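Asker: My structure is below; once you've seen it, I'll send some questions.
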Amino acid sequence: MPKTAIAFGSFDILHPGHLHYLKGASRYGKLTVVVARDKSVEKLKGKRPVLDEKSRLDIISALRFVDRAVLGDRIDKWNDIYRVLIRYKPDYIVLGYDQKVDMKYLMHFIDENNLGSRIVRLKPFGASGFKSRKLKRLLKIA
């Protein structure tokens with residue numbers, strides 16, 4: 001049976017760093033990408049995304065190395081973001097170099113739900129990494 005991988009993000013203003021992350025994630029197996037909901041982005045980052053969730057989902061779905069793109073769960077409490085792991089039971093959870101994750105809780109969640117998923121953290125693209133926030137600042141949309 002082929003391996004599966006899952007990656008998460010808001011993917012607001014797609015840039016080379018996002019592509020590097022998702023291409024890297026796809027090397028671990030059939031890739032499902034979870035695109036954060038507008039309200040989740042606002043809750044986690046303190047501001048609404050430039051592009052709405054449907055537009056961001058459409059863009060990620062169009063990438064040839066993404067096998068499936070889905071909207072994330074709505075979050076009422078901080079650990080709701082992990083519910084999607086129960087649905088897809090990935091072999092690998094692929095994290096970007098700068099994704100803030102409570103690793104202790106994530107490992108506990110994996111064990112508690114008998115997922116058997118392995119966690120992989122990718123290296124940044126380029127020396128300093130790309131950041132949507134930097135691009136938004138340059139474009140004067142943040």
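Asker: Report whether or not SER40 is part of a helix (DSSP H, G or I), of a type in the set (Gly, Ala, Ser) and at pLDDT 95 or above. Give the steps one after another, and end with the answer.
Answerer: Details: part of a helix (DSSP H, G or I): yes; of a type in the set (Gly, Ala, Ser): yes; at pLDDT 95 or above: no.
It is false that SER40 is part of a helix (DSSP H, G or I), of a type in the set (Gly, Ala, Ser) and at pLDDT 95 or above.
Asker: While we're on this one: Check ASP38, ASP91 and return the single one that is of a type in the set (Asp, Glu) and within 21 Å of LYS123 (Cβ to Cβ). Working first, answer last.
Answerer: Working: ASP38 fails: within 21 Å of LYS123 (Cβ to Cβ).
Exactly one residue qualifies, and that residue is ASP91.
Asker: Which of the numbered conditions does ARG56 fail, given that it passes all the others? Conditions: (1) in a loop (DSSP other than H, G, I, E, B); (2) among the basic types (Lys, Arg); (3) in contact with an Asp or Glu (Cβ under 9 Å, 6 or more places away or on another chain).
Answerer: So the condition that ARG56 fails would be (1).
Asker: Working only within the range 90-126, note down all residues that are part of a helix (DSSP H, G or I) and acidic (Asp, Glu). Reasoning before the result, please.
Answerer: Our first condition is that a residue be part of a helix (DSSP H, G or I); within the range 90-126, this holds for 103-112.
Within the range 90-126, ASP111, GLU112 qualify.
Asker: How many residues does the range 59-84 hold that are modelled with pLDDT under 85, aromatic (Phe, Trp, Tyr) and not in a helix (DSSP H, G or I)?
Answerer: Qualifying residue count, the range 59-84: 0.
Asker: Scanning the range 18-36 for residues that are over 19 Å from ILE119 (Cβ atoms) and buried (at least 22 other Cβ atoms within 10 Å of the Cβ), which turns out nearest to the chain's Cα centre (by Cα)? Walk me through how you get there before you give the answer.
Answerer: Going residue by residue through the range 18-36, those that are over 19 Å from ILE119 (Cβ atoms) are 18-19, 35.
Checking the rest, the ones that are also buried (at least 22 other Cβ atoms within 10 Å of the Cβ) come to 18, 35.
Values: HIS18: 9, VAL35: 6 Å.
So, considering only residues that are over 19 Å from ILE119 (Cβ atoms) and buried (at least 22 other Cβ atoms within 10 Å of the Cβ), the one nearest to the chain's Cα centre (by Cα) is VAL35.
The values are calculated or read from the model by the stated rules, or taken from the named source; none is laboratory data. None of these values were measured; they are calculated from a predicted model. A quick note on method: Cβ atoms are made from the backbone with ideal geometry, for glycine too, and the neighbour counts reach across all protein chains shown.
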